[in-house]
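Notes for the one structure printed next.
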Amino acid sequence: MKRVPRGALPLVLGTAALWLLFQALNPNFLTALNLTNLAGQVAALGVLGTALGVVLLAGEIDLAAGATSGLCAAVTAVLVTRGWNAPGALLAGTLLGASLGFGQGALSAWVRIPSFVVSLGGLLAWQGALLLVLGDTGALNLRDPLLVALAGAFVPVVLVGPVAVMALGFHARHAGLARTALPAVLCGVALVVFAADRGVPLGFLLLVALAWALDVVLRRTRAGRHLVAVGGNAEAARRAGIPVERVRAAAFAVAGALAAWSGVLAASRVLAVHQSSGSGDTLLNAVAAAVIGGTSLQGGSGSAWSGLLGALVVGTIANGLDLLAVGSAAKFMATGAVLLAAVTVDALSRR
C-alpha cells in the first residue's frame, strides 16, 4: 500500500471496479439513463467537495460548509420570491457565502482561533439563520426557470463536444500528450454515454468547468501556488514572504462562495429549500468526497479534480445501493469504509 500512487488513475480504476460490481449485481446500472442520472446527482456534492478541498489544501477545515450552502440557497430563493431576478439573487447568495467564509477565515487566521472551533460555531449559527430566513413556512418551492434549469436542464452533446476538444487541446499543450490521454478517454466515453440519453446535465457541466478552472488556478497562478505552500508548511511559506493569513482567509472565502453554489444546485434538484437543507450527511459526504478524491487532511496535497472524482465514488455507492434496494445503514458503512481506505493510503504514502 505504500507504493500505491496518489492521483487520478487509482481512483478512476477503483470507480470502474465499483461500476463493474454494481453492473454484475444489477444490469441497469451501466445504462445511459442511470449514468446520466448519476452525473446529475453528484453535481451539488462535487461542488461542495471542491469547496472543502480548497480549505483542506490550506491545512484548515470548514465544518460550516454544509450549513452555509443551505443558508445561501434559502436567501437566494427568498430574494427571487420578492421580485429579484435570478442572476441578481444568485450573485447575492454567492457574495453572502463568500462573506461568511471570509469572516470565519479571518477569525482563524488573524485572531488565531482554531478553524475547527470557528467553523463549528458557524455551523450552529448558520443553521439558526436558515430557520430564521425560511420563517414559519419551513420550506420554499423553486419556480424560477433559471434556478430550476441548473439541475434540470441538459446540454446537447454537439454543443459540448467542440468545447471539450478545445479544453483538451489546451491541456495537451501545457501538460503533454501523455498526461492528456486519460482525460481524453474519459471525456470521450462520457460524451458517448450522454449522447445516448438526454445530453449532458447542466449541473455536471458546471462542476467540470469549475474543476478545470480551479486546476488552472492551482497549477499556473501565484495564488494557487501560495495556497498549496501554506497548506504544506505554513512557517516555511511565511519565511518565503507569502502572506499566510490572507491566503487562509481567501481560501475560506472561496469555499463559502462555492458552498453557496452547491446549495443552489441541491435546491434546484429537489425544487425546494427547506429547514434541513445543507444538514444531515451533507457535510460528511462532502468531506468524504474531497478526501477520497485525493485531498490530504494534513494540507498541501490535493487536486482541483478531487471533489468531482470523490463525488463520483460516493454517488456511485449511493446510486448502486439504491438500485439494489439496500437501506441507508449499508450506504453509510460502505462510504465510511471507502473513506477510511483513502485516508489510510494517504497516511502510508506520506510516510
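The values are calculated or read from the model by the stated rules, or taken from the named source; none is laboratory data. Predicted model, so just to flag it, every value in this text is computed and none were measured. No Cβ is skipped: glycine too gets one built from the backbone with ideal geometry, and neighbour counts run over all protein chains shown.
Check the range 26-36 and report whether any residue there is of a type outside the set (A, V, I, L, M), assigned to a helix (DSSP H, G or I) and under 24 Å from P114 (Cα atoms). Within the range 26-36, none of the residues are of a type outside the set (A, V, I, L, M), assigned to a helix (DSSP H, G or I) and under 24 Å from P114 (Cα atoms). Among the residues of this structure, D215 does not count as one that is at pLDDT below 95 and not in a helix (DSSP H, G or I).
Checked against (1) more than 15 Å from A304 (Cα to Cα); (2) not assigned by TED's automatic domain parsing to the domain that holds L168, A190 meets all criteria but (2). All of T81, T94, T137 fail the test of being loosely packed, with under 15 Cβ neighbours inside 10 Å and either under 18 Å from A260 (Cβ atoms) or in contact with a strand residue (DSSP E or B) (Cβ under 6 Å, 6 or more places away or on another chain) (or both), apart from T81.
If I ask for residues that are under 19 Å from A334 (Cα atoms), part of a loop (DSSP other than H, G, I, E, B) and in contact (Cβ under 8 Å) with a residue 60 or more places away in the chain, which ones from the range 281-317 would you list? Selection gives G293, G294. In summary, L182 fulfils each of the numbered conditions (1) surrounded by fewer than 18 Cβ atoms within 10 Å (Cβ to Cβ); (2) closer than 30 Å to L340 by Cα; (3) touching a strand residue (DSSP E or B) at 6+ places or on another chain (Cβ under 9 Å) with the single exception of condition (3).
Yes/no matrix, rows are residues, columns are (1) crowded, with 17+ Cβ neighbours inside 10 Å; (2) farther than 15 Å from A260 by Cα; (3) touching a strand residue (DSSP E or B) at 6+ places or on another chain (Cβ under 9 Å); (4) acidic (D, E):
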residue: L25; (1), (2), (3), (4): no, yes, no, no
residue: A32; (1), (2), (3), (4): no, yes, no, no
residue: E60; (1), (2), (3), (4): yes, yes, no, yes
residue: V118; (1), (2), (3), (4): yes, yes, no, no
residue: G122; (1), (2), (3), (4): yes, no, no, no
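Have a look at A249, A272, A253, A209 and point out the one that is farther than 30 Å from P162 by Cβ, in the same structural domain as G66 (by TED's automatic domain parsing) and at pLDDT below 95. Going through A249, A272, A253, A209 in turn, just one is farther than 30 Å from P162 by Cβ, in the same structural domain as G66 (by TED's automatic domain parsing) and at pLDDT below 95: A272. How many residues are buried (at least 24 other Cβ atoms within 10 Å of the Cβ) and either farther than 17 Å from G122 by Cβ or in contact with a Cys (Cβ under 8 Å, 6 or more places away or on another chain) (or both) when one looks only at the range 257-284? Residues in the range 257-284 being buried (at least 24 other Cβ atoms within 10 Å of the Cβ) and either farther than 17 Å from G122 by Cβ or in contact with a Cys (Cβ under 8 Å, 6 or more places away or on another chain) (or both): 10 in total. Taking the criterion of being surrounded by fewer than 22 Cβ atoms within 10 Å (Cβ to Cβ) and either part of a helix (DSSP H, G or I) or not assigned by TED's automatic domain parsing to the domain that holds A250 (or both), the residues of the range 97-111 that qualify are S99, F102, G103, A106, L107. Among the conditions (1) touching a residue at least 12 places away in the same chain (Cβ under 8 Å); (2) closer than 19 Å to A251 by Cα, A32 misses just one, which is (2). Screening D136 on (1) touching a helix residue (DSSP H, G or I) at 6+ places or on another chain (Cβ under 8 Å); (2) assigned to a loop (DSSP other than H, G, I, E, B); (3) of a type outside the set (S, T, Y) shows it passes everything except condition (1). The residue list L33, L100 contains one member that is over 24 Å from G300 (Cα atoms) and of a type outside the set (K, R), which is L33. Considering the range 185-206, the residues that are in contact with a strand residue (DSSP E or B) (Cβ under 9 Å, 6 or more places away or on another chain) and in a helix (DSSP H, G or I) include one that is surrounded by the most Cβ atoms within 10 Å (Cβ to Cβ), namely F194. Is it the case that the range 153-167 has a residue that's in a helix (DSSP H, G or I) and in contact with a Ser or Thr (Cβ under 9 Å, 6 or more places away or on another chain)? No - not one qualifying residue is present in the range 153-167.
The residue list H226, H171 contains one member that is farther than 25 Å from Q41 by Cα, surrounded by 14 or more Cβ atoms within 10 Å (Cβ to Cβ) and not assigned by TED's automatic domain parsing to the domain that holds Q104, which is H171.
For every residue, the table says whether it meets (1) modelled with pLDDT under 90; (2) within 30 Å of L131 (Cβ to Cβ).
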position	(1), (2)
L9	yes, no
A17	yes, no
P27	no, no
N34	no, no
L38	no, no
A43	no, yes
